[in-house]
Each structure stands twice: as structure tokens, then as C-alpha cells.
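Okay, structure first, notes after.
The values are calculated or read from the model by the stated rules, or taken from the named source; none is laboratory data. From a predicted model like this one, the values you see are computed outputs, not experimental measurements. Heads up, the Cβs are rebuilt from the backbone with ideal geometry, glycines too, and the neighbour counts pull from every protein chain shown. Areas reflect the complete protein model, heavy atoms only, side chains present, ligands, DNA and RNA absent. Shrake-Rupley method; radii C 1.70, N 1.55, O 1.52, S 1.80 Å.
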Amino acid sequence: MRQLKLLYHIAKISPRIALKKVFSALTRKSKLAKMRAKETQNSSYIRFDSIVNPLPIFFDYRSTEDTNIIDLADRFLKHEFNLLGSGWVCLNHGLQAGGIEGVNYPAKKEYDELEAFISEKVNENNQSEALRIASLIKGEYRPIDWQLDFRSGYQWDVATWHKDIQFADDRGHDIKNPWELGRMQHLPVLAFASTSNKEYLIEIENQIIDFIASNPPKYGVQWNSSMDVAIRAINWLVTKDILENAGIRLDDSVVTEMARSLYQHMTHIRENIEWSDGIRGNHYLANICGLLSISIYLEEYDTKEYYEFALNEFINEIDYQFNDDGTNFEASTNYHFLSMEMVLLTSELLEKYLKKSLDEIFNSSVSDKISKMRDYAADLIRENGSIAQIGDNDSGFILKLHSDEYLDSNRKDKVLERFQIKSNYGSESCVSYPETGVYIIRKQRYRMDISCGGIGLNGKGGHAHNDLLSFTLMVDGKEIIVDPGSYVYTSFHKLRNFYRSTQMHNTLVIGDLEQRNFIGNELSWLENNTKLKVEEFDESGFSAWHDGNGEKHTRKINFEESNIIVSDECRLDKEKEIKFHLAPDVEIEEKDKIFVLKYKGKRIKLSYEQGRSKIGEYGYSPKYGVKIKSKVISIIGTEAKFDWRIEIL
């Protein structure tokens, strides 16, 4: 199977890249053996001089009037976190996880003292240095379990070399969960709270020391993903700046250990860069943003080579990863926001460091794409601060500086506020982004987001779903018809593919046929052989087709002020379904060929002419790791044409 997948990918890329990939595959094992021997024979902590001059300040984030910050900070003091659908759980050692999809591993040993954990779990070459670092802990402190998947209860081994970490084996454990914790995006919240109580400052210091001592460089799950290494580094630097903007300084010993660790974050990212000629995306962009950020802050520590490399690659990747209309090339609305946040955050840092405007730093093509990516984000945001889910959604942020971002990962409006982007949701208009395949109609009472685009990543796929001609509908600021989401990635392979399948979208479904075929056991890729075309889109209507079912499916929509009139046509002689996935709190009344959808005293009528109907249930995933029971309506029949309409009452 591995050989077949390799042959498939080779067929999809250029001969030059294909030869490089074959050579790389043949030499990878030998390279890993040499790398393992080099990195594991001695302590992986580097020598580092004490900080002489204070690290610079670049980010001007200051305390806000966010009333939930103290409540959140109090949770973090107790090591309680709510990440990727976990609910609030205490992530000290010994947690009995709640389980997910029937998978629940036994609780592991409790450790009340960091030194006890290090003595038993950290590899021998690193124990003495880890214990020295742990001695910097202040007061009573219980260590955090940084290696735990807090959903399933599976725990990775901190003594495992980072390249030997295994995951994605369909056993119910999800490596994204400890990675999310290890990003340490809660530290800026503690920093904002530190202006009112020194206890929060001590907790920041203790958690940084805990992390550095508990996770020796190049070992364990927290050094497996260079993207997450980069995000953690950025959050440490932002936390430091928030404190210093408020006149608060971290202890000198903590700053020294943090600076040393940041230097190793930088070298680790560079040595484990997530780059490929054929396929690269947001992971590589995060690597570059992390390298730029660290090299700028540690300028006095011989980081020029890292800075110059990262600056050149940053400019290249903006041009490479964003289409001419400003949309991100990964075919996902949520990944557009994530990648845009990386670009805008790092651009602000460069402006302050170089004391130049963006137009002076970037060429006109890159500057234009930055402007247009902001415009696209302004169009995506909806009345409730969320965006329609199109493609994958892993609930990712770089920073979470407002409680809304931490408590509800669907809220993207605070990202816009941070970068002074004004949303466009109040205006009646139609906007189209054909390079990513997003079409938005805004009327006085409703908004519809329609998907009809390619698979992204320059035709290689990665974060696209089989959602051609699917749509979401918001009425009077309330979600009515929704995209079911992504739920999980690598922990449950069948669920991963189910959520990106045609039948989990608001489009025409024919049995188990997929608009674009899955590729073997791959959890991201899609075949790129489906033709599609948008024939018309304006304020009065939308018309498009694709041939992914083996026969053309055409959807025509007429937009009126209070009515949406739709015709679906497909001449394939098989039973077909038109699906409507409803938001969880939408109630249904059915009579004849009419459904009345009710929410908060308002009513919407969905009616159809051909076929029959049924009401089923599905698991709505508004954010990663979350599944909520909801209803799905299907219109079913063998007819070549289905006519249906939505009337807002």
C-alpha cells in the first residue's frame, strides 16, 4: 500500500520533484539513523550564557477590559484547560480522561513533584540538567502532563526521540491534543491577569520552567511538530511583552532559561523544517514565522543566518500560499484565517523591527495579496463573529488574546479587531472568490455561503472536503443550515473521511459516490479529476455544475428578498438525496412536502416538489473535537430534477 501511494503521488507531480522524492525516500532511513545517533548520545540541552541585556519589546498588547480574563486565569492557575472539545479538565499527572468514541485509556501515575517525574521519566542524559532547571520552581507547584491526550487518556513517552513519536494509527488517540496544550496559548491570558495579582506572574514562570524541564529538547510529543514549536515560541515572546508593557518583569533566571529554550526552538525548527517542493502549506509558514520571531528577539545571539533565511522565505510563501484574489490556497476558510494571522502578526513584528512600512518591506505583489487576504477575511465574517465552515476546521489560532477566542474557537471577529479589519457582514451584496471557490450572497434577512472550488494546495489537496455546490444559510443572524464540520483528523480514520465526504454536505448525494475520490488510506488527499464550472453569480442568482458523480450535477439558485428558489439536476439513473444539515437548536414541523423550521419564535419554510423526504440525525461539529446531535433533512428520489425553495416567513 505504501508503494502504491508513493507511485500515485509521483504521478501527480513534476519529474524533477518526483526524482527528488524517490531519492529522499531511499536516503531517509540512513539520515534518521545518523540524526538519532547525533541527538541522543549526550544531553540535548545546549550551553547558553546568562542574559546580559533585556530582550527587546515589539508587541504592544496591553491589558483589556475583557471581563472574563480573571476567571480564565484562575482556571489556568489550577491547570484546568478546555481544549479541542475536552471540556474543563485538570491536566496535572494522573488524569482519568473522559474518553472519546468509546476509547478510554487507563489513567497514568500521579506526580505531585516535578523532580519525581523527571527522575522516573526523562531520559538519563538529560536528567541532571532537567533537575537543575526544575529547582527554579517557586512555592508549591504540581507539574502539568504535557505528553497526555486528555481526550482518550493515551500518553506518549517523554523519553522517546521526537522523530520516533508514533501517531495517526487509528487507535483513538489524537496527537493534536497535547500539541494544543503545548502551544501555551493560555500564557498571554495569565500575563493580562498579572497586573492585578502577582500570583499569575509566578504561575507563568513556573509553567515555563515546568515545560522546559519536563520536555528536554528533541524528546517527546512537544518536539514532534515544528509548527507547534513555533507557535509556542511566539506565545512565550508575546507573554513577555504583555508583562513588560505593564511594567512587570519575569525573574532573570526564568528569562535566561526561556531564552536558551527559545534558541533551541529556533535551531530545532530549522533542522526539522516542514518544507517540500511538492507539498507545503500552513505548517511551513508557521515554521518561518517562528524563525523570524525568535531570530529578531535573540538578535544578540548570532541569529542573523536564521533571520535572513526566514525573511526571504516569508516573502516567498506569502506569494506562494495565497492566491491572486487574496484567498489561502488550502481550500479552507478556517485555514485562511490561521495563515492570515501568521502573516499579519509577523508583518507587524517586521514593521517594528525594521522601522519600515509594509510597502517598503514587500514587493507590490506581496503587499497586494496582504491587502486582499484582509478583504477576504472581512467578507467571511458573519453577524455572530463566526465564519462558515468550508473545508477543514482544526480550531487553530496563533494567539488567543481575548477570552472569546479561548472559550469559543468559532469566534474570528477578535482576529479582525486585532488587525483593524472592518467586517462587511452588514452590507447587502454578493462577493465571489473564484480561486478558492467561495461565493457569498448577503440579503437583508439572510446570508448564504456557497462552495464550488478546487481541492487546494495547487491541485494536491489537503484540507478540502467533498462540498461542491454545498451551502450554509444564516437567517436574521442565526445559523439554520450548517456545514457539519471536521470533528477529528488522525484519531479515527473512518470518522475523518466521513466528515469530509459528499454525504456530510448540503449538496446532491448519490449513494456512496464521492465528488472526488479518496486516495487509499490517506486522510487528507483527494483525487483532482473532477471538472466544475460556475456559470453565473450575481445578486439575483447562482448557477454551477460539476461532474464528480460520473454525471453532471447542476445547481441553479435564484435569490429573492425572502425566498431562495433552487433547482438541482442530475441525469444519472440512480437514487439521489438532497441534504440539509440543520443547526442543533432548529426545530422541525413536517406536513406533506413542506418543512417548517423554527427557532426563537421565527419560522422558515422549506418545500419541495419531486421525490419523498426523511428526517435523520447527524453529529454537528462546530469546532474540532466537538460533536453535537442535530437533525438532517433529505429529499430523496430517482428523478433527474429536483425543485425546492426556502421561504423566510
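Between Glu199 and Asn245, the distance separating the two model label sites (each 7 Å from Cα on the Cα→Cβ line) works out to 2.5 nm. Rolling a 1.4 Å probe over the protein chains gives Met184 an accessible area of about 0 Å². Please state the relative contact order of the chain as a whole percent: Cα pairs under 8 Å, 6+ residues apart? Relative contact order of the chain: 10 percent. For region 154-162, the Karplus equation 6.51 cos²θ - 1.76 cosθ + 1.60, evaluated at θ = phi - 60°, returns couplings of 6, 10, 7, 9, 5, 8, 7, 4, 4 Hz by residue, with Gly and Pro reported as x. Please list, by residue number, everything in region 520-554 whose backbone N is under 13 Å from a paramagnetic label point 7 Å out along Cα→Cβ of Lys641. Residues passing the 13 Å test: 554. Between amide H atoms placed 1.01 Å from N, distances below 5 Å from Asn92 occur with Asp145, all of them 5 or more places distant or on a separate chain. These residues, Lys576, Lys533, go from largest to smallest accessible area, 1.4 Å probe, as Lys533, Lys576. Projecting the Cα atoms of Leu84, Phe117, Ser470 onto the dipole axis of the chain, where Lys and Arg carry +1 and Asp and Glu carry -1 at the beta carbon, places Ser470 farthest toward the positive end.
Shown in residue order for region 634-643 are the 3J(HN,Hα) couplings computed by the Karplus curve 6.51 cos²θ - 1.76 cosθ + 1.60 at θ = phi - 60°: 10, 9, 10, x, 9, 4, 7, 9, 10, 10 Hz (x for Gly and Pro).
Remark: the Thr27-Arg62 segment gains 7.7 nm on full extension, using 0.36 nm per residue and subtracting the alpha carbon distance.
Put a plus charge on the Cβ of each Lys and Arg, a minus charge on the Cβ of each Asp and Glu, and nothing anywhere else: the dipole of the chain about its Cα centre is then about 1540 debye. The magnitude of the dipole of region 176-298, with charges of +1 and -1 set on the Cβ of Lys/Arg and Asp/Glu and taken from the Cα centre, is near 240 debye.
Contact order for region 505-583, expressed relative to its length and based on alpha carbon pairs under 8 Å spaced 6+ residues apart, stands at 32 percent.
Of the trypsin sites (Lys or Arg not before Pro) found in region 50-155, the ones in coil according to DSSP and having at most 14 other Cβ atoms within 10 Å of their Cβ are Arg62, Lys78, Lys109, Lys138. For Gln515, the residues whose modelled amide H falls within less than 5 Å of its own, excluding neighbours fewer than 5 places apart on the same chain, are Thr502. When the charge dipole of the chain is built from unit charges on Cβ atoms (+1 for Lys and Arg, -1 for Asp and Glu) and taken about the Cα centre, the candidate among Thr502, Trp179, Ile144 whose Cα reaches farthest toward its positive end is Thr502.
Note on Lys108: aspartates and glutamates with a C-alpha under 12 Å away, same-chain residues under 8 apart excluded, are Asp145, Asp149, Asp157. In whole angstrom, note down how far apart the Cα centers of region 409-458 and region 166-182 are. About 31 Å separates the Cα centre of region 409-458 from the one of region 166-182. 3J(HN,Hα) along region 442-458: 10, 10, 4, 10, 9, 9, 10, 10, 10, 10, 7, x, x, 8, x, 6, 6 Hz, from the Karplus curve 6.51 cos²θ - 1.76 cosθ + 1.60 with θ = phi - 60°, whole Hz, x for Gly and Pro. Applying a DSSP loop filter and a limit of 15 other Cβ atoms within 10 Å to the chymotrypsin sites (Phe, Trp or Tyr not before Pro) in region 30-134 leaves Phe48, Trp88. For the chain, the 222 nm mean residue ellipticity estimated from helices alone, with every DSSP H stretch of n ≥ 4 adding -39500 (n - 2.57) and the total spread over all residues, rounds to -11000 deg cm²/dmol. Charges were assigned to the Cβ only: +1 to each Lys and Arg, -1 to each Asp and Glu. The resulting dipole of region 540-649 about its Cα centre is roughly 420 debye.
Based on every Cα atom in the chain, Rg and the maximum pairwise Cα distance Dmax equal 25.4, 79 Å.
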